[in-house]
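Read the figures in this text as sums done on the coordinates, not as results from a lab. Note that this is a predicted model, so its numbers are computed, not measured. Cβ sites come from the backbone with ideal geometry, for glycine too, and all protein chains shown count toward neighbours.
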Amino acid sequence: MPNIGDIHKCLGHDCCIQKPEIYLACVDCKKEKWVGWDNYRKLQKLGKEYRCYDCAMKFLSKQRPISPYSIVPINPKVGDICFANLVGKNTSNHYEKCIWAKCERCGYERWIYIKGINKPSSNICKYCVNGYGKLNTYWKGDDVGYCGIHRWVERYKLKPKYCECCGKVPPYDLANISGEYKRDLDDWEWLCRRCHMTKDGRMNNLKQYQ
């Protein structure tokens, strides 16, 4: 077993020009390892102690200041900026940023890539670009599916501060009144989870199994 400070020379290979290695221990976790001679000389010139890779990453994370773009705001405001990969954007560039912008036509707010100096790459959302409402090429009318009709109602029906049934707690779910899932805003209501389960009959089903 080698001792700390031992130098290992490459022997037994005619064509090998590998530089020697020195046996060192990490100052944090005390893990011992052979370290390349060039890396050891760099540490000596900088006056630093040897750290293994994991400990070095932890040490650097403490030394580096936290970027303001690495924090995603809970309730973003127009002009807020953060890294694109933190808001669900598929990008290979980890330093690419997005800005919370408002569509100039419909007022829809969303995360969009930055172009230039803190400016959105487009002032119009994708819904207005493809056509708004019935002008959209993907408009299905009354043939819309279960998820699609819910997204449409969420977009156009104003969410109240309290549940439309009990009026005590904030609403959480969109519930259809007639059960026909029509494209009619008056046929929908914002309910809390308890009122929604009670009206659907799920609350009684849960009580039967208790």
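Assign unit charges at the C-beta atoms only (+1 for Lys and Arg, -1 for Asp and Glu), then state the dipole size of the range 140-208 relative to its Cα centre in Debye, rounded to the nearest 20.
420 debye
Two decimals, Cα atoms only, Kirkwood Rh: what is Rg/Rh over the chain?
1.26
Rounded to the nearest 20 Debye, what is the dipole magnitude of the range 99-185 about its Cα centre when Lys and Arg each give +1 and Asp and Glu each give -1 at the C-beta?
400 debye
Can you tell me the FRET efficiency between SER67 and ASN39 if r is taken as the Cβ-Cβ distance and R0 is 30 Å, rounded to the nearest 0.05?
That gives a FRET efficiency of 0.60.
Which value, to two decimals, describes the C-alpha radius of gyration of the range 68-129 once divided by 2.2 N^0.38 Å?
That ratio works out to 1.06.
Which of the lysines could a cross-linker bridge to LYS115, judged by Cα under 28 Å and excluding same-chain residues fewer than eight apart?
LYS77, LYS89, LYS97, LYS102, LYS126
Considering the chain as a Gaussian network with a 10 Å cut-off on Cα pairs, which listed residue, CYS195, CYS128, CYS106, attains the greatest mean-square fluctuation?
Most flexible of the set in this elastic network: CYS195.
Once the cut-off is 14 Å, how many percent of the Cα-Cα pairs in the range 140-208 end up in the long-distance tail?
More than 14 Å apart: 59 percent of the Cα pairs in the range 140-208.
Would you mind calculating the gained length between TRP152 and ARG110 on full extension (0.36 nm times residue separation, minus the Cα-Cα distance), in nm to one decimal?
Result: 13.5 nm gained on full extension.
So what's the gap between the Cα centers of the range 106-170 and the range 16-86, to the nearest angstrom?
About 43 Å separates the Cα centre of the range 106-170 from the one of the range 16-86.
Can you tell me which of 77-89, 141-153 comes out highest on packing, and rank the rest after it, using the mean Cβ neighbours within 10 Å?
Result, highest mean first: 77-89, 141-153.
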